[in-house]
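Here, each number is a calculation from the coordinates, and none is a lab measurement. Since the structure is predicted, the reported quantities are computational estimates derived from the model, not experimental observations. Neighbour counts run over all protein chains shown; Cβ positions are idealised from the backbone, glycine included.
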């Protein structure tokens with residue numbers, strides 16, 4: 001089996017065309033600052049060279065280039081996706097994905113761990129297909145929904161206007177679901193929300209004019225919500241998932257890429273009546289600001305009650321709303337490369353409950369300089385300073401760097417939380433990704449040195 | 001800088017108003033229409049909260065409405081509930097072309113009453129009135145619910161901008177009137193006064209007048 005991912009061998013122009021904005025919305029979206037540069041941006045040809053026979057990317061080699069800063073591979077955005085999917089290649093039994101009926105494989109009783117260990121095949125797949133058809137025939141039908149399909153207590157809502165075109169399948173909808181467990185009810189309750197967001201996701205892009213593409217996004221999110229049912233679907237996941245759906249032609253590949261990306265992001269989306277996961281990153285942000293710029297921190301605390309809620313969106317959707325589509329992907333790619341840890345796959349498999357893949361203590365103790373070079377800049381710093389309990393992702397430092405660039409205005413002009421939002425919002429379309437990331441690394445250094453001084 | 005200070009001095013009141021309701025009923029576009037006279041056909045879902053301040057002139061006084069636009073998904077309630085703190089006005093929005101969003105109004109009212117003062121000036125807003133052919137909730141139904149709950153009522157269209165300004169104005173003017181009647185001299189909401197935020201109450205609207213007022217004026221605003 002050669003290249004498993006169906007990556008189009010496109011030129012920069014062709015690839016850009018995949019992210020093309022509808023003419024009528026040109027003025028509504030942030031401008032892209034990133035420009036592919038000769039010899040700096042990986043060409044399709046060089047990219048192919050980085051792929052091994054079976055379609056794996058030579059991660060170490062590619063990372064080295066990114067870290068040298070010589071060759072930002074931005075337009076081969078698939079790189080980061082591969083970064084996440086790599087362990088899928090290794091650990092998944094072959095043939096699990098790429099399958100045309102992959103959708104039917106997922107909503108079985110398989111837990112995430114069973115899935116990633118690759119042992120979940122066989123009979124449970126068939127069982128899963130039967131289940132999903134019974135529960136919800138719309139998956140795989142090429143359609144998606146935007147209206148609720150069941151009431152709070154799990155009784156199906158039959159809306160003829162929605163299902164009339166589903167033919168015989170619609171009969172399955174009216175079967176009594178009372179016998180199915182709570183998880184199914186919960187899952188179904190969230191499906192229309194996914195639909196409402198899918199139709200609003202990146203709709204400035206030509207790509208999403210197509211209902212088939214919208215359905216692809218819906219399928220991936222709906223299946224994810226089932227597979228990771230303790231998190232489910234939360235608004236914002238659509239922003240994270242959308243690039244995967246655009247980049248990966250195959251729906252199953254898009255799913256796995258998204259699933260991998262969510263391993264480091266999912267805790268942000270965990271919610272209950274009292275809190276939402278991202279708040280823990282926000283309190284880390286508060287801690288960082290307090291250490292590196294106490295004056296600004298105090299000012300923001302007075303204005304916002306110290307919760308830094310104005311930064312919630314930046315962390316949840318990783319600057320997708322502040323940047324153009326391509327710039328956001330550029331940011332993700334460089335950011336995740338900086339966070340790269342050679343043990344990333346082991347860490348993923350050991351514990352998927354960690355929202356960010358921090359340093360591994362075992363590695364830190366007996367690491368040699370050669371191995372150290374393999375780490376991303378951000379992660380390396382953590383290892384070098386021995387502060388391996390420091391778990392905040394680079395994104396948090398990135399927000400801190402954004403606040404620092406607005407330091408003066410925030411201190412002098414911000415008199416209410418709305419002013420903070422407005423001033424910080426100014427970065428929309430003006431953020432220089434490369435510079436902001438370097439600033440973020442500097443803040444990390446400052447923070448780590450303060451932290452070690454206080455030990 | 002000097003200009004900024006001058007502006008501050010001319011601000012007499014600052015009212016916090018929240019926009020709540022189910023996902024995709026058009027909250028963000030109502031705000032965009034009101035604050036900037038814009039409509040975004042490609043708008044995205046609101047993550048957490050966004051806000052906007054809009055100056056209004058009421059009886060020659062400059063009133064600043066600080067409008068907090070919240071995420072519709074229930075999952076965000078943990079953070080959005082924090083935003084109800086100190087709100088003196090609320091626009092409770094549903095989509096006239098989706099009955100479910102109207103059926104959920106009761107939930108939102110509970111939410112509002114749990115997290116904020118009972119006397120928050122509230123208007124029930126049936127948005128997307130331009131979607132005539134797709135209407136699932138009649139004007140009469142909306143009105144009846146508003147009456148039963150003691151709310152103002154209006155139908156709007158952020159798309160064609162009908163009644164959008166009126167919806168916000170109804171709330172802000174009513175807050176202003178209540179305030180004027182109460183003659184709360186000491187609680188002028190200067191922005192520099194740190195007490196306006198975080199403490200839980202910006203303005204305390206004491207008695208149950210709002211319900212009476214709401215019913216009396218309902219016909220006038222739509």
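Worth pointing out:
- Take each residue of peptide A:412-421, count the partner chain Cβ atoms within 10 Å of its Cβ, and average: the result is 5.
- FRET efficiency for the pair residue A:212 and residue A:17, taken as 1/(1 + (r/R0)^6) with r the Cβ-Cβ distance and R0 = 22 Å, rounds to 0.80.
- Share, in percent, of DSSP beta bridges within the stretch B:6-173 that are antiparallel, nearest 5: 30
- Added length on full extension, which subtracts the Cα-Cα distance from 0.36 nm per residue, residue A:453 to residue A:183: 92.4 nm
- Hull-based mean projected area of the stretch B:6-173, where the convex hull spans the alpha carbons, in square nanometres: 9.7
- Per-residue Cβ neighbour counts within 10 Å put B:123, A:206 in the sequence A:206, B:123, beginning with the fewest.
- Average beta carbon contacts from partner chains per residue of A:212-219, 10 Å cutoff: 0
- Estimated from the Cβ-Cβ distance and a Förster radius of 41 angstrom, the FRET efficiency linking residue B:42 and residue A:151 is about 0.80.
- At an R0 of 30 angstrom, the distance between the Cβ atoms of residue A:432 and residue A:26 translates into a FRET efficiency of 0.85.
- Exposure proxy for A:452, B:45: other Cβ atoms within 10 Å of each Cβ, ordered fewest to most, give A:452, B:45.
- For B:171, A:326, A:220, order by how many other beta-carbon atoms lie within 10 Å, fewest first: A:326, B:171, A:220
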